[in-house]
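The values are calculated or read from the model by the stated rules, or taken from the named source; none is laboratory data. Just so we're clear, the structure is a prediction, and the values are computed from it rather than from any experiment. Every residue, glycine as well, gets a Cβ built from its backbone with ideal geometry; the counts of neighbours run over all protein chains shown.
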Amino acid sequence: MKILFATKNPAKVNKYAEKLLKRNIELITIKDLEIDLKVNENGKNAIENAFIKAKTYYDATGITTIGMDNNLFIDGIPEEKQPGTFVRRINGKELNDDEMIQYYTNLVREYGGKLSAKWVYGMVVYNGKETKKFSWSKKDFYLVDIPSEKRNPGYPLDSISIMGENNKYFVDLTKEEKEINKQSNNEDEVIQFIVNSVHN
């Protein structure tokens, strides 16, 4: 079965595609379909934005669609500077990976150079009739103002995020450490949510 993942981010697709394929679910992307719709992500949180993405692309394609969004909250910075739903969109501009690294290292530097942070994720599967929702969070890490030289395309903040447990940049984690990180990041639960949403 094919389902559409309404994202331009290859890292998001790669994270789930292989495990879903083992369960007979093939992820296709908006790039595969050669469509790129203007999505007005004006939701108040990750779930609302995920739904907006899923519905917009379902309405255009008729294919069951996954929408996903993530919100970032950083301790120690003023409310008006919290990224929240606007992690990539700063002052009305959508930042590329390098611009994100530069913006957030400057922000963290302004408030001390090392700040605890939390990601809140929302995912929606929409088939035109039903809306299935799942939300989870990732904390126990902090952002720093000196980036690693390594990059994870699509996830630029992995270059300035450090795991609290082992004091390593996300991009420097070993395969074993990444597996532990996946478990703490609810990856298996996300896969199961998608499978259940598609087959129920």
**Request:** May I ask you to verify whether residue 146 is surrounded by fewer than 18 Cβ atoms within 10 Å (Cβ to Cβ), among the aliphatic types (A, V, I, L, M) and assigned to a helix (DSSP H, G or I)?
**Result:** no
**Prompt:** If the Cβ limit is 9 Å and pairs must be 6+ apart or interchain, which residue in the stretch 9-27 that is modelled with pLDDT of 85 or more and surrounded by fewer than 13 Cβ atoms within 10 Å (Cβ to Cβ) pairs with which residue that is among the aliphatic types (A, V, I, L, M) and assigned to a loop (DSSP other than H, G, I, E, B)?
**Reply:** 24/1; 26/1
**Message:** Being within 25 Å of residue 107 (Cα to Cα), surrounded by 18 or more Cβ atoms within 10 Å (Cβ to Cβ) and of a type outside the set (Gly, Ala, Ser) is the requirement here; does residue 173 meet it?
**Reply:** no
**Asked** Listed residues 85, 131, 105; which is farther than 24 Å from residue 45 by Cβ and either hydroxyl-bearing (Ser, Thr, Tyr) or touching a residue at least 24 places away in the same chain (Cβ under 8 Å) (or both)?
**Response** 105
**Prompt:** Take the residues of the stretch 30-51 that are among the β-branched types (Val, Ile, Thr) and more than 15 Å from the chain's Cα centre (by Cα): which is farthest from residue 135 (Cα to Cα)?
**Reply:** 35
**Request:** Taking only the stretch 57-79 into account, find how many residues are farther than 23 Å from residue 105 by Cβ, of a type outside the set (Asp, Glu) and more than 18 Å from the chain's Cα centre (by Cα).
**Result:** 6
